[in-house]
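*Asks:* Questions regarding the structure given below will be posed in turn.
What follows draws every value from the coordinates through simple rules; no lab data is involved. These figures come from a predicted structure and were not determined experimentally. Glycine also receives a Cβ, built like all others from the backbone with ideal geometry; neighbour counts cover every protein chain displayed.
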């Protein structure tokens, strides 16, 4: 699915919301709400008034890791983006070229056998492409250091050229993030949850909104490439599965916070729509043809008009709702990307209800 809208470059969010002016917090972003093809505009702090008691927000607790590490291939400088650890100890990685502004740009992958000397004396060898779809990501083995320790000591958060400068790792953690015991996590922030604050979560709970934690470790999603997501590791715990099923049985709405959350909870749902505890790898790509079995609504960032994530949005809300919402976002000068504004897609049948 490709949208016809054009997003001007000046609508890229270049710094986090809290750095745009004195006294601002993470929740100082705008919220576009789509109900069917009806669109309304809000501040993110108004979210509690847009949900109902008995609704459930499913949130991703995966913590972001400092996944970018400097290296050299021969005499050429490269930046390695560590994406995902495989079950066999290898890592899926992307090699990129450093730019003069501190960001990186796409680089041809491979060939097999390419050796990268990493900061701190570790070495990485590319073995094979991760997928037959292309050679952007490769499976690689690292020697001379453990990767989680290497990322802690030598890594920095992945940054793309539309941002103004490097940010500390704390800027890429959400209020729901929980560090893993083995030092792994998400290569890129599950950014839909970034505007949440502890105060907003407390207000939502006080209004009767439930929260169900899941975990999905996101891999790299280069802004230059719009291929479907690669397999990712996820976990839906028993308590969260039961809560999702109870809310659906009681007439509440299941609203996923982020496309990663949709992928995880839909991977744990059977054809009967019942969610069961599950952990492992998911290669699920949610499309309008596949549809959704559990999720009623989605809170997400604004994606590029060519992004594969738009298929998931259309599966949740319908293509017309996505097209109408994105046209309104461009007209309204909403901000894109991980530090930008957010979009709440709710079922069309809610049109009969007033928006608080």
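*Asks:* Quick one: of the DSSP bridges fully inside the chain, what percent are antiparallel, nearest 5? Can you show the working numbers first?
*Replies:* Details: 49 of 68 bridges.
So the antiparallel bridges amount to about 70 percent of the total.
*Asks:* Label points 7 Å out from Cα along the Cβ direction at residue 164 and residue 24: separation in nm?
*Replies:* 0.9 nm
*Asks:* Sticking with this one: Quick one: if the Förster radius is 22 Å, what FRET efficiency do residue 285 and residue 106 give, using the C-beta to C-beta distance and rounding to 0.05?
*Replies:* Numbers: r = 22 Å, r/R0 = 1.00.
It comes to 0.50.
*Asks:* Same structure, new question: How much length, in nm to one decimal, is gained on full extension between residue 75 and residue 135, taken as 0.36 nm per residue of separation minus their Cα-Cα distance?
*Replies:* Details: separation 60, 0.36 × 60 = 21.60 nm, distance 2.21 nm.
My answer for the length gained is 19.4 nm.
*Asks:* With a 10 Å cut-off between alpha carbons and a GNM built on the chain, which of 289, 153, 135 moves the most?
*Replies:* Between 289, 153, 135, it is 289 that shows the largest mean-square fluctuation.
*Asks:* Roughly what would the spin-label model give for residue 97 and residue 46, points 7 Å off Cα along C-beta, in nm?
*Replies:* Spacing of the two 7 Å Cα→Cβ label points: 4.6 nm.
*Asks:* Can you tell me, using C-alpha contacts under 8 Å and at least 6 residues apart, the relative contact order of the stretch 218-356 as a whole percent? Could you put the intermediate results ahead of the total?
*Replies:* Numbers: 202 pairs, mean separation 33.7, N = 139.
Over the stretch 218-356, the number comes to 24 percent.
*Asks:* If you don't mind, there's one more thing I want to ask. I'd like the FRET efficiency for residue 348 and residue 211, computed as 1/(1 + (r/R0)^6) with the beta carbon distance as r and R0 of 22 Å, rounded to 0.05. Working shown, then result.
*Replies:* Details: r = 25 Å, r/R0 = 1.13.
Step by step, r from the Cβ atoms, then E = 0.30.
*Asks:* Based on the mean of other Cβ atoms within 10 Å per residue, sort peptides 177-186, 70-79, 122-131, 305-314 so the most packed one is first.
*Replies:* Values: 177-186: 16.8, 70-79: 14.8, 122-131: 18.4, 305-314: 20.5.
Averaged packing, sorted descending, gives the order 305-314, 122-131, 177-186, 70-79.
*Asks:* Using alpha carbon centroids, what distance separates the stretch 113-184 and the stretch 214-272, in Å?
*Replies:* Between the Cα centres of the stretch 113-184 and the stretch 214-272 lies a distance of 23 Å.
*Asks:* For the peptides 34-40, 294-300, what is the packing order when you average, over each peptide's residues, the other Cβ atoms within 10 Å and list the highest mean first?
*Replies:* Details: 34-40: 18.7, 294-300: 23.4.
Answer by packing, highest mean first, reads 294-300, 34-40.
*Asks:* Sorting 152, 331, 248 on the 10 Å Cβ count, fewest up front, what's the list?
*Replies:* Working: 152 13, 331 10, 248 18.
Lowest to highest Cβ neighbour count: 331, 152, 248.
*Asks:* A follow-up question, please. Could you give the nm distance between label points at residue 128 and residue 238, where each point is 7 Å from its Cα heading toward the beta carbon?
*Replies:* Here the modelled spin labels are 3.7 nm apart.
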